[in-house]
Amino acid sequence: MEAVRNALDFSDFPRLDLIVAGSVGIAFIIFPLFPHSSFAMSTMIQFLMFSLYGMGWNTIGGYGGQVDLGKAQYVGIGAYTTAVMLILWDVPFWVSMPIGMFFSVVWSFIIGYPLFRLKGHYFAIATIATSLVLKDIFEVWDFVGAARGLEISPIKYHPPDFLRLIFKEDVYYFYVILGFFFIGILYMNWFRKSRLGFQLRSIKDNEDVARSLGINVHWAKVKTYAIATAFVSMVGSFHACYIKSIEPEDTMSLDISILIALMAMLGGAGSLWGPIIGAGILIPLKSYLKEWLGAQAGMVGIDLILYALIIMVISAFEPRGVWGIVEKIRRRKRS
Amino acid sequence: MKSVLRTGMVVLSVLAIIGFIVPSNALAVEEIKIGVIYPLTGGAAAAGRELRAGAELAAKIANNVMADLPMTMAQNKGVKSLGGARIKLIFKDHEGNPTLGADLAKKLILDDKVDGILGCYFSSVSKTVSAVCEQHGIPMINGSSTSPALTQRGFKWFWRTTPHDKWFTKDLFELLVGLTKGKVQGVKAVPKKEIINLASACEKTEWGSHVSGLIKEFAKEYDFKLKKSLLYAAKSADLSSEVRSLKASRADVMLFASYTSDAILMVKTLKAQKAHPKIIWGQDAGFEKPEFRSTLGDSISGILTRTVFLPKVVEIKKLAGQVNKLYKEKTGNDLGGASARAFTGLQTWVAVLEKAGSTKPADIQAAANALYIPGKELVVPWQGIKFSTSGDELGQNVLGSGLIGQYQKGKDGKIGLEIVYPFDVSSADMIFPFAGF
Amino acid sequence: MAFLEVHNLTKDFGGLRANSNITFSMKRGELIGLIGPNGAGKTTLFNCISGLHPVTSGQIIFDAEEITKLKAHEVAQRGLARTFQVYVAAGDLTVIENVMVGCFMRTHLRSRAKAHASEILKDLSIDDTADYLVSELPVAAQKRVTMATAIASDPKLLLLDEVAAGLNPNEIDEIMASIEHVHEDMGITVMLIEHVMELVMKISHRIIVLDYGEKIAEGDPETISKDPRVIKAYLGERYVREHGGMEESKE
Amino acid sequence: MDILVGSLFAGLLIGMVLALVALGLTIIWGVMDIVNFAHGEFLMIGMYTGLLTAQGLGIDPLFTLPVAGVVGFLLGIICYFGFVKFLLRGPMVAQLLGTFGLMLFLRNLALLIFGSEDRALHHGILVGKSFDIGMGIIVPATKLACAGLSVAAFVAVWLMMHRTKMGKALTATSLNAQGARYMGIPTERMNALAWGIGGATVTIAGALIVNFWSVNPFIGLLFTMIAFAIVALGGFGSVPGAFFAGLVVGMITELPGFWDFFTYTFEADWMVDIPMTSFKYMWVYVAYFAIMVLRPRGLFGWKQ
């Protein structure tokens, strides 16, 4: 009961935050009612997906300070579980998604247990390594289509199919992922106030102190890693139904892992709004910059150069991201 | 404080509102919009440029009268049955990313309201893009993706002009069998036991692993022994262990599916390791690229590659020569496999529209299914274009065919590709066995 | 029955012996001071007792249970809390959130943790800083926060590592009062490492002296202040110089 | 038998090449403890430098090594003072994020300037030469030169670290920057120097290996990952460790060869179908993971 109350309780935020968040939330809900381009719609869906990835990453990477660069493996597990189950046994999305989450969590325990003996960038690089290993396995595993991947045939199902999450119009996907998004925010709001959340923030502060306060540091990290994993896996399942075609090279690529981490860090790791702001900046930037600049001949890669520069400037001058700047200003105002 | 927050708020809302800005152009009657999705940036940007130039050239010919070109679309200004409507190409760049490809397809269909789609070179992207087209009932013509699976999905809105890997791989085995029967120009019949042992090395993404599977299949069917079949990581740092493995298999024929950098590295490593098979065959891609030739120089003499278009075709086919001239004026390069197929892809689009006389998807669908373009109107050496409308391969052009070329040193001392298969159009004697590096 | 017993505790770091054969015991309700020159192994001893460092040999018994092999968090859960000498609060926890981390050891409920934390803050009279980041506070307040956090876990034994270092005389008086409050009113057994002699001598029931990793003396403050070994090892260099002799400290 | 000896030898050779690639990272990451995800991009820049200098000036690629060294040294110094310096003030996360940014930046800058095509050297003393010395041992000239340079560079760096004042100052800085500062060591300059030397060694490596491998803007990441694995396996801070770890990784990449040897020796047909080559790099990552978890000091290192 208290958990629900905590999840719904946003009262510790300044009023301004809530007004902004509320109006943006309402804008999202009514967004499809206005005339919009399909490009804007798919950018929005991407934004929501990456916000959710970022929220998941934020639990372990932001609150826990453990920079994880291997999230793509869980995107893969979620997406593959849903796709395989749908194609082979016609299992609806709403069943296969939790199963995918279960598989992801199991895998996260298997690798998380040894993984969290590492710290700092040794940990970060090890997460990349595990993700690449899993990708290599999927690339030769015939049951999941090996490198050819899997395709959810668009002609086999009759959209709109709410059970299997097969739609023709993006707007359905938009509302599904928006639902996940709001649930994700509530969950994160609960998480940051929960015992585990507090423990994790204490771990990020100082592991020895955390230990002496009775926190099983290793276990707390493994548990949180599992939560992060479940988030990512859930969106991975959605990704499978949305894109309808998955292959290791695309779904489990290192780029996705990096993008997830970069976005959360850019927005502000360790805050509720950080990953959302990060995704809100980078996803439209990526899409629209590319549309405006990248497609011009001779400007190849200019969008990514700009993107890299933003990342470099942020990391050099305000490693706590956009939200870090906001908080800094607020604190200065107060004192 | 407030000002900064307000700025943040403004940024967020702007990002949200960007979506509301709609580029909704009214449908102009005199224009037919074809969305073209190619890899214009990223790893395959070089191919993307060729593809784009090929498609643009075809559009130019369709939109203008070029009476001396013996092809229907050159005789009219625009599409005649649609009142001379001009073809307008809208290019999009998928960067080799299937997810992005699907997004772009939606954008083209819903925002730009294109009448049809052409693309996408990468089979993986063609897969997602064709799925979007299928859902929205928008016709898509594919000119250059060779994964067999694409036309085996029962799609009703997807047509492919190029032959696919299954045919190409079959061509190879036909060539091998031809060798044993003495059908190859300039080579006496070779006892089968001399070329019975095969080994293949394919890069392990979608395309390479497909090819690898096909080689396995056909080796069984044609009764060859596949001694070694390996998949390697694309963009590999080093291939010496792979090559050693191939060598150790004592194969007579080595088969590859590699992109450019791997193809170059593979041949370099073969050379360094002094591998000495009787036949080296590449499945297009890297083995056909100009960089492959210029980097490796004379040492590639004798290597075979499958392709759909060789500069030699120009000598056989008058039309190809004419188009090649135009293409060279435009880009400074000769037509290649990528550009010729992109050209043909768009040519097919124009023919379909001409036949349909309407831009309604259903009319286009009917026209495409009933289409026939005779081989003499094509730049590529096919018998024509006619799509299958039944069976397990829907929308596949049944009149296409592949070529197998061999790098040979010409009279001018330059290394170039000569046609060795099909046997009836071969342009030179085949070098057999491979002389070694 | 002793409350905390340490038998022959030895701790090596590579070739370096930081604690050698230390034996002492502590009664429930006692307040013990642990002193010694820099590098004497005081903090290492705390680390060993609280389980952060595995001991090389020896035995630690806390409240009738052997805790030698237990991990730090298990030790803490049995009611043994500690503070840290250098408290790096780089993170984004506010004062009250910091204290709540301690409270969460005993409860899963946020509401209860929060209530308990505010109580403790009030108790240590730092409730006015509740919503500040720890790093924003002056040193004295930071020290209080570390104490508050440790107390929040409802310990039976509290190990305080130099809570008075770097404070001015006024602040030392305040923190002394806080320690006494914790010890007497809350009934928590306390062991403290301290360089500020006024404080140790005044409030300790008993003092243990370490030098070069070995226990060189143990006894009530008065005895210790007269012990020649102690004076030589520690007080001789510092306390005597600063305060001109032993006699004044008896006040 | 030939295949076993051949694989063994090839493993050693490629191992030395990879060790050379990792040497710069050993200094920057292993010794100075600054993570650098742009390491492979430095290599890529070295490759382009070698290639373009050779083609532009019409000289043999071998003579471009000093040019590449200078470019790499400057690149390292510029990166340090222009960027990395600021990262070090922030938390560890900033290093990860920032050097990732640097990686993206360099990669896409190269893409903008050079395009995405693969480029390769066509002429040169080393290009395309190899020697067959029997027993299945075949030595490509480029790799042999790389291996020679690798040994020389490792010896030089080792001597520098252990025999010169500068090297000791570097080590002191890495062990305890604050302490080193108190002792009058200009730590800022030491860090910059580490970046300069690290950059120079990797660009020289790049200019050399471009004799054999073709280059494109995307080539960096694979080498970054391999270099990470080598440094981790060798143990942080251990220069000789990195060299031997390079050899180990070289052997791992030759695993398919050993597999073949057993396949043919035992005539085990089931072994033929195991796709060992597709897992070539996977074993490197697995080795990294295993070493980090089981023996965090690495095989030969002294620092965690």
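Laboratory data are not the source of any read-out in this text; all were calculated from the coordinates shown. All values derive from a computational prediction rather than experimental measurement. Cβ placement follows ideal geometry from the backbone for every residue including glycine, while neighbour counts extend to all protein chains displayed.
General observations
- Modelled spin labels at residue C:123 and residue D:189, positioned 7 Å past Cα toward Cβ, are 5.6 nm from each other.
- Taken one residue at a time, the phi angles of region B:261-267 give Karplus couplings (6.51, -1.76, 1.60, θ = phi - 60°) of 5, 5, 4, 5, 4, 4, 5 Hz. Gly and Pro are set to x.
- Legend: mean number of C-beta atoms from other chains within 10 angstrom of residue C-beta atoms, peptide A:197-208, equals 6.
- Phi-derived couplings, Karplus 6.51 cos²θ - 1.76 cosθ + 1.60 at θ = phi - 60°, listed residue by residue for region A:240-257: 4, 6, 6, 7, 6, 9, 10, 8, x, 4, 8, 6, 10, 6, 4, 4, 5, 4 Hz, with x used for Gly and Pro.
- Protection-proxy order for peptides A:269-279, D:145-155, C:142-152, each taking the mean of Cβ atoms within 10 Å per residue, highest first: A:269-279, C:142-152, D:145-155
- Projecting label points 7 angstrom from Cα along Cα→Cβ for residue D:290 and residue C:180 puts them 6.4 nm apart.
- Protection proxy ranking for B:241-252, A:96-107, D:19-30, using the average of other Cβ atoms within 10 Å per residue and placing the highest first: D:19-30, B:241-252, A:96-107.
- For residue B:418, nonlocal amide neighbours, meaning residues 5 or more places apart or on other chains whose placed amide H falls under 5 Å from its own, are B:406, B:407, B:408.
- Remark: relative contact order (chain A) = 31 percent; criterion is Cα-Cα distance under 8 angstrom and separation of 6 or more residues.
- Of C:16, C:133, C:124, the residue with the greatest mean-square motion in the GNM of chain C, using alpha carbon springs below 10 Å, is C:16.
- For the residues of A:183-196, the average number of beta carbons from a partner chain within 10 Å of their own beta carbon is 2.
- Nearest 10 degrees, 0 to 90: helix B:45-63 Cα axis against chain B principal axis: 60
- Normalised by the number of residues in region B:51-197, the average gap of Cα pairs under 8 Å and 6 or more apart makes the relative contact order 12 percent.
- Test item: Cα-centred dipole of the protein assembly as shown, Lys/Arg +1 and Asp/Glu -1 on Cβ, debye: 2420
- By DSSP, the beta bridges lying fully in chain C are antiparallel in about 55 percent of cases.
- The separation of region C:1-68 from region B:62-110, counted between C-alpha centres, amounts to 82 Å.
- Placing +1 on the Cβ of every Lys and Arg and -1 on the Cβ of every Asp and Glu, with nothing else charged, gives region D:119-206 a dipole about its Cα centre of roughly 200 debye.
- Sequence ranges C:65-77, A:27-39, A:212-224, ranked by mean other-Cβ count within 10 angstrom, highest first: A:212-224, C:65-77, A:27-39
- Close amide-amide hydrogen proximity is noted between residue B:226 and B:198, each under 5 Å apart and 5 or more residues distant or on a separate chain (H modeled in the peptide plane; Pro and chain starts excluded).
- Environment charge at residue D:52 (Cβ cut-off 15 Å; Lys +1, Arg +1, Asp -1, Glu -1): -2
- Calculated from backbone phi, Karplus (6.51, -1.76, 1.60) coupling profile of region B:309-325 in Hz, x at Gly/Pro: 8, 10, x, 5, 4, 4, 6, 7, 10, 5, 4, 4, x, 5, 5, 4, 4
- Computed label-point distance, nm, for sites residue A:334 and residue B:250 using a 7 Å Cα→Cβ extension: 8.0
- Förster-model FRET efficiency, 35 Å R0, residue A:95 and residue A:142, C-beta, rounded to 0.05: 0.90
- For region A:2-334, the convex hull spanned by the alpha carbon atoms encloses 158 Å³ per residue.
- Relative contact order (%) - chain B, alpha-carbon pairs under 8 angstrom, separation at least six: 18
- Secondary-structure-derived ellipticity at 222 nm for chain A, considering helices only, amounts to -23500 deg cm²/dmol, per-run term -39500 (n - 2.57) for DSSP H runs with n ≥ 4.
- Residue-averaged beta-carbon neighbours from other chains (10 angstrom radius) around D:281-289: 6
- When +1 charges are put on Lys and Arg Cβ atoms and -1 charges on Asp and Glu Cβ atoms, the dipole computed for region B:43-196 relative to its Cα centre reaches about 420 debye.
- Amide H contacts under 5 Å for residue C:211: C:216, restricted to partners 5 or more places along the chain or on a different chain, H placed in the peptide plane at 1.01 Å from N.
- Three-way shape call for region C:86-154 based on the alpha-carbon gyration tensor, with the a/c threshold at 1.5: prolate
- Selection from D:94, D:67, D:5, by position along the positive dipole direction of region D:2-294 (Cβ): D:94
- Residue C:229/residue D:166 FRET efficiency (R0 35 Å; Cβ-Cβ; nearest 0.05): 0.15
- Flagged links, alpha-carbon separation over 32 Å, of B:188/B:289; A:135/B:409; A:168/B:328: A:135/B:409; A:168/B:328
- Anisotropy class of the protein assembly as shown from Cα gyration tensor, a/c 1.5 cut: prolate
- Region D:1-111: C-alpha gyration tensor shape, a/c 1.5 cut-off, then a/b vs b/c: oblate
- Neighbour cut-off at most 16 other Cβ (10 Å), DSSP loop, trypsin sites (Lys or Arg not before Pro), region B:360-437: B:411, B:414
- Rounded to the nearest 10 degrees, the inclination of helix C:169-180 to the longest alpha-carbon principal axis of chain C is 80 degrees.
- Every helix of 4 or more DSSP H residues in chain B counts as -39500 (n - 2.57), and over all residues that averages to -12500 deg cm²/dmol at 222 nm.
- In degrees, nearest ten, helix B:206-221 long axis to first principal axis of chain B (Cα): 40
- Ellipticity at 222 nm from helices only: DSSP H runs of n ≥ 4 in chain D, each -39500 (n - 2.57), divided by the residue count, give -22500 deg cm²/dmol.
- Positive dipole terminus of the protein assembly as shown, leading residue within C:207, D:40, B:256 (C-beta point charges): B:256
- Between residue D:89 and residue C:205, the FRET efficiency from the beta-carbon distance, with R0 = 35 Å, is close to 0.15.
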